[in-house]
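Below: the structure, in structure tokens.
The values are calculated or read from the model by the stated rules, or taken from the named source; none is laboratory data. Worth saying up front: this structure is predicted, and the values here are computed from it rather than measured. All Cβ positions, even for glycine, are placed from backbone atoms using ideal geometry, and neighbour counts span all protein chains on display. All accessible areas refer to the heavy atoms of the entire protein, side chains included, with ligands and DNA or RNA removed. Shrake-Rupley method; radii C 1.70, N 1.55, O 1.52, S 1.80 Å.
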Amino acid sequence: KNQVEQSPQSLIILEGKNCTLQCNYTVSPFSNLRWYKQDTGRGPVSLTIMTFSENTKSNGRYTATLDADTKQSSLHITASQLSDSASYICVVSGKYGNKLVFGAGTILRVKS
Amino acid sequence: DAGITQSPRHKVTETGTPVTLRCHQTENHRYMYWYRQDPGHGLRLIHYSYGVKDTDKGEVSDGYSVSRSKTEDFLLTLESATSSQTSVYFCAISEVQGNTGELFFGEGSRLTVL
């Protein structure tokens, strides 16, 4: 069964600190991997999309990495801000069909 | 922000009543999707549309039906709501097939079935 597992489930960090969120997947064959940010009460918003040939992609203070061999991805947040408090969702796309597999998300809280 | 409007944003209803959620887009994207989001679960696809009057089932389609009579509107109907359908429903759109194209989400519709 195609799965996407995210860790940790939740995380609390101090403003200004860095953090890394993990995503492991079993979707195969693989097309692309996405990270979304979802603020409370809002819809998910795309942060990055990576194909199997890309191993890193940045969007401001967000940097996603991908290891297609080990089927792992991480999202690194640098110099966290209070506005980074949100749920971060890893989504993996299969190569065939209209199939996206969503992880359950990591809830990040940044406190001052 | 992508032009996606969901209505209603919040609804409380009773078991056995019909409910329709509406998704309206101004982007002229071909593909539209309905997802539900529940605690501890990733977003799960209910139904999707790949054109006017062209729809297909997702992984959790039982108890739901959809219609798309215009490019800009995608309706999700619960014929007889049950408590297990209490959830937050998200509409999404994409210009190309979802597994390759950028996916844009609406703000969600929170449905409570008592």
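Of all residues being more than 23 Å from A:Lys99 (Cα to Cα) and hydrophobic (A, V, I, L, M, F, W, C) in the range B:79-114, which is surrounded by the fewest Cβ atoms within 10 Å (Cβ to Cβ)? Just the residue, please. Across the range B:79-114, the extreme among qualifying residues is B:Leu114. Take the residues in the range A:48-97 that are among the β-branched types (Val, Ile, Thr) and part of a loop (DSSP other than H, G, I, E, B); name whichever of them is nearest to the other protein chains (Cβ to nearest Cβ). Here the answer is A:Thr70.
Against the conditions (1) touching a Lys or Arg at 6+ places or on another chain (Cβ under 7 Å); (2) of a type in the set (Ser, Thr, Tyr); (3) without any contact (Cβ under 8 Å) to a residue 24 or more places away in the chain, A:Ser85 satisfies every one except (3).
Which residues, taken from the range A:98-112, are facing another protein chain (nearest Cβ under 9 Å) and either in contact with a strand residue (DSSP E or B) (Cβ under 6 Å, 6 or more places away or on another chain) or open to solvent by 40 Å² or more (accessible area, probe 1.4 Å) (or both)? Of everything in the range A:98-112, those that are facing another protein chain (nearest Cβ under 9 Å) and either in contact with a strand residue (DSSP E or B) (Cβ under 6 Å, 6 or more places away or on another chain) or open to solvent by 40 Å² or more (accessible area, probe 1.4 Å) (or both) turn out to be A:Lys99, A:Leu100, A:Val101, A:Phe102, A:Gly103, A:Ala104, A:Gly105.
Annotation note: Cβ proximity below 7 Å between a residue of the range B:32-47 that is in contact (Cβ under 8 Å) with a residue 12 or more places away in the chain and facing another protein chain (nearest Cβ under 8 Å) and a residue that is open to solvent by 20 Å² or more (accessible area, probe 1.4 Å) and of a type in the set (S, T, N, Q) (sequence gap 6+ or interchain) occurs for B:Leu43/B:Gln37.
When restricted to residues that are surrounded by 17 or more Cβ atoms within 10 Å (Cβ to Cβ) and small (Gly, Ala, Ser), the range A:53-67 contains 1.
For the range A:68-85, what are the residues that are on the phi < 0 side of the Ramachandran plot and open to solvent by 10 Å² or more (accessible area, probe 1.4 Å)? Show your work before the answer.
Restricting attention to the range A:68-85, the residues satisfying the condition of being on the phi < 0 side of the Ramachandran plot are A:68-70, A:72-78, A:80-85.
A:Ala68, A:Asp69, A:Thr70, A:Gln72, A:Ser74, A:His76, A:Thr78, A:Gln81, A:Leu82, A:Ser83, A:Ser85 - these are the residues of the range A:68-85 that are on the phi < 0 side of the Ramachandran plot and open to solvent by 10 Å² or more (accessible area, probe 1.4 Å).
Quick grid of which residues meet (1) touching a residue at least 40 places away in the same chain (Cβ under 8 Å); (2) under 10 Å from the mean Cα position of the chain (by Cα):
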residue: A:Pro44; (1), (2): yes, no
residue: A:Ile49; (1), (2): no, yes
residue: A:Ser53; (1), (2): no, no
residue: A:Thr56; (1), (2): no, no
residue: A:Thr63; (1), (2): no, yes
residue: A:Asp67; (1), (2): no, no
residue: A:Gln72; (1), (2): yes, no
residue: A:Ile77; (1), (2): yes, no
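Please indicate, with yes or no, whether at least one residue in the range A:19-33 is in contact with a strand residue (DSSP E or B) (Cβ under 8 Å, 6 or more places away or on another chain), in a loop (DSSP other than H, G, I, E, B), modelled with pLDDT of 95 or more and surrounded by 17 or more Cβ atoms within 10 Å (Cβ to Cβ). Checked against the condition, which is being in contact with a strand residue (DSSP E or B) (Cβ under 8 Å, 6 or more places away or on another chain), in a loop (DSSP other than H, G, I, E, B), modelled with pLDDT of 95 or more and surrounded by 17 or more Cβ atoms within 10 Å (Cβ to Cβ), the range A:19-33 yields no hits at all. Condition (residue is in a loop (DSSP other than H, G, I, E, B), under 22 Å from A:Gly41 (Cβ atoms) and open to solvent by less than 60 Å² (accessible area, probe 1.4 Å)) applied to the range B:7-16: is it met by at least one residue? Within the range B:7-16, one or more residues are in a loop (DSSP other than H, G, I, E, B), under 22 Å from A:Gly41 (Cβ atoms) and open to solvent by less than 60 Å² (accessible area, probe 1.4 Å).
In the condition set (1) within 13 Å of another protein chain (Cβ to nearest Cβ); (2) more than 23 Å from A:Gln3 (Cβ to Cβ), B:Phe90 is compliant with all but (2). The residues of the range B:62-114 that are among the polar types (S, T, N, Q), under 16 Å from B:Leu45 (Cα atoms) and part of a strand (DSSP E or B), listed by number, are B:Ser65, B:Ser67, B:Thr77, B:Ser87, B:Ser94, B:Ser109. Does B:Ser65 qualify as being of a type in the set (Gly, Ala, Ser), modelled with pLDDT of 95 or more, open to solvent by 20 Å² or more (accessible area, probe 1.4 Å) and closer than 22 Å to A:Ala104 by Cβ? When the stated conditions are applied, B:Ser65 does not pass them.
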